[in-house]
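Working notes for the structure below.
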Amino acid sequence: MADESPKPQSQGPPRREGGAPPRKGKRQYFRKRKVCRFCVERVDFIDYKRAEMLQPFVQDRGKILPRRLTGTCSRHQRWLTLAIKRARNIALLPFAAEL
Amino acid sequence: MEERLYDLIFICRPDTPEEETDKIVATLEQSATERGGKVDKVEKWGLRRLAYRVMRYREGYYVYLVVRSTQGDLIKELERRLKVADPVVKYMTVRLDEEIKRQQKLVRRRERKAARRPRKGAAGSEQAAAAS
């Protein structure tokens with residue numbers, strides 16, 4: 001994982017943009033350490049029945065958002081994915097939505 | 001034998017009359033009790049917009065059940081009945097007992113950790129109940 005702590009000796013372009021890579025390819029790299037929403041609330045179970053809870057983690061097109069965009073931790077992301085897929089099966093969330 | 005816990009959701013066509021859905025629920029309950037199971041909860045979520053078209057319908061009548069059983073093959077039977085029922089267009093069973101066990105383990109572990117070091121003003125761990 002990219003190390004963001006500012007080092008005394010400069011290494012090329014200054015990395016002050018919250019972990020933006022020096023080159024201009026990708027749009028986002030890290031988003032300044034967003035914390036996992038679920039860890040903060042200490043949830044033990046991500047309920048597939050509540051689509052409104054899952055909605056913020058799904059793209060407009062219905063795709064599941066990657067961890068690096070939502071800041072979710074790996075454990076919760078796994079549970080989240082499972083819940084989303086279950087919800088999709090029961091038509092609470094779409095598999096693919098028209099843009 | 002250990003008891004298993006299931007979530008069972010099925011969706012009926014939106015134009016299904018109330019008695020039909022009640023009849024289906026009654027059938028499921030009966031099958032359950034015949035096999036030593038029990039229906040713990042029945043929730044009718046009513047009409048909801050479907051995220052995608054199912055059998056040419058855009059809406060469906062959702063019914064949610066919680067089933068307990070010691071016999072695993074009860075679920076197969078319930079699902080068979082749902083498959084055969086005409087008004088039912090979709091159903092899904094989720095097995096929850098392992099999930100609950102894991103949840104409890106996490107809760108216990110968290111409580112043990114909190115009890116070990118004296119914390120002042122420890123805001124009691126917001127339980128998953130709020131979010132689940």
Links exceeding 18 Å between C-alpha atoms in this model, out of A:Lys49/B:Lys23; A:Lys63/A:Lys85; B:Lys23/B:Lys83; A:Lys49/B:Lys41; A:Lys49/A:Lys85; B:Lys38/B:Lys101, come to A:Lys49/B:Lys23; B:Lys38/B:Lys101
1/(1 + (r/R0)^6) with r = Cβ-Cβ of B:Glu34 and A:Ala96, R0 = 45 Å, i.e. FRET efficiency to nearest 0.05, evaluates to 0.65
Taking only the alpha-carbon atoms of region A:43-89, the convex hull volume per residue, in cubic angstrom, is 68
Residues meeting the amide H criterion for B:Thr70 (H placed from the backbone, H to H distance under 5 Å, 5 or more places apart or on another chain) are B:Arg4
For peptide B:99-111, the mean count of other chain Cβ atoms within 10 Å per residue Cβ is 2
Phi-derived 3J(HN,Hα) across region B:70-87 with the Karplus relation (6.51, -1.76, 1.60, θ = phi - 60°), rounded Hz, x for Gly and Pro, is 9, 10, x, 7, 4, 4, 4, 5, 4, 5, 4, 5, 5, 5, 7, 5, 5, x
Fewest-first ordering of A:Thr72, B:Thr33 by Cβ atoms within 10 Å yields B:Thr33, A:Thr72
Phi-derived 3J(HN,Hα) across region B:89-105 with the Karplus relation (6.51, -1.76, 1.60, θ = phi - 60°), rounded Hz, x for Gly and Pro, is 9, 8, 8, 8, 10, 10, 8, 10, 5, 5, 4, 4, 4, 5, 4, 5, 5
In whole percents, the bins of 5 Å from zero upward hold the Cα-Cα pairs of region B:4-99 as 3, 14, 27, 24, 17, 10, 5, 1
Calc'd 3J(HN,Hα), region B:29-34, phi into Karplus 6.51 cos²θ - 1.76 cosθ + 1.60 (θ = phi - 60°), Hz, glycine/Pro = x, comes to 4, 5, 4, 5, 5, 4
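Any read-out appearing in this document is the output of simple, stated calculations on the displayed coordinates, not a laboratory observation. Please read these numbers as outputs of a predicted model, since none were measured by experiment. Counting neighbours? That spans all protein chains shown, and the Cβs are built from the backbone with ideal geometry, glycine included.
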